[in-house]
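Worksheet for the structure shown next.
All of the numbers you see were taken from the coordinates with simple rules; none came from a lab. No experiment lies behind these values; they were computed from the predicted model shown.
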Amino acid sequence: MKLYEYYTGKDIKKGVAKRGLVYLLNPSAEQLATWIATTCWEVKQSTDTTYLYKLAEFIKRQSGAQFPVQGVVYEDMYTKNFYEPYIFKDGVTVYVADSTKMPADKHCTDEQLEFYLHMTNADLKPNTGRYARICSTNRTQYYKNGGKTDVGDNDEHRSQSWLNVVRQLYQLAWLSDRNELMIAWAKEQL
């Protein structure tokens, strides 16, 4: 795990770059390739380039294979060059309970950035984001893949227990050729 300090490009609404801080635990190219090959083999019993490419491209578009352990990731997915802050914990987007800890103008202060690096589940709203990095795995896919822990659903009951499950599964993957979160996604999508 490594702390990354980075700056966005020039934001079209603020006219300046935005500073970000995030702890990332990203796989090496070899580890990612192994996870992709293992996933395709387990789900399709094939390592045909069609499957390998589809999974690799999806991960590239969805997350760039970044696993944000904690901190802020700016994304301009809705308006080009308008960088909105997304707060992450354990590879999942989270929502801060105290609205004063969120940037009103989408430009995080140094104090807010430091807060995001040290926040606990008690600092968060009860619901989390739907998707787990690095493959946008959702709760339904987790359950269909044999997941037993109650993590809520993809709609109104998006329990914080999803954070613990994602963290644990990613930690297991880190020491393995298998990534259960990727396999869960691929069983539905490949």
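Okay, here's what the table says:
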read-out	value
C-alpha long axis of helix 161-174 to longest principal axis of the chain, angle in °	60
For region 111-119, Karplus couplings with θ = phi - 60° (6.51, -1.76, 1.60), whole Hz, Gly/Pro x	4, 5, 4, 5, 4, 4, 6, 10, 5
Centroid-to-centroid separation of region 1-69 and region 83-140 [C-alpha atoms, Å]	18
Percent RCO, i.e. relative contact order, over the chain, from Cα pairs under 8 Å lying at least 6 residues apart	22
Residue among Gly147, Gly91, Gly129 with the largest mean-square fluctuation in a Gaussian network model of the chain, springs linking Cα atoms under 10 Å	Gly147
Sequence-distant residues sharing a close amide H with Thr137 (under 5 Å, placed H)	Ala132
Expected-Rg normalisation [2.2 N^0.38 Å, Cα atoms] applied to region 8-118	1.29
Long-range HN-HN contacts of Leu124 with modeled amide H, under 5 Å	Ala97
Pairs of alpha carbons in region 1-63 whose separation is greater than 18 Å (percent)	55
Listed residues Gly152, Gly15, Gly64, most fluctuating in the chain (Gaussian network, C-alpha, under 10 Å)	Gly15
From the C-alpha gyration tensor of the chain, square roots of 5λ in Å	29, 20, 14
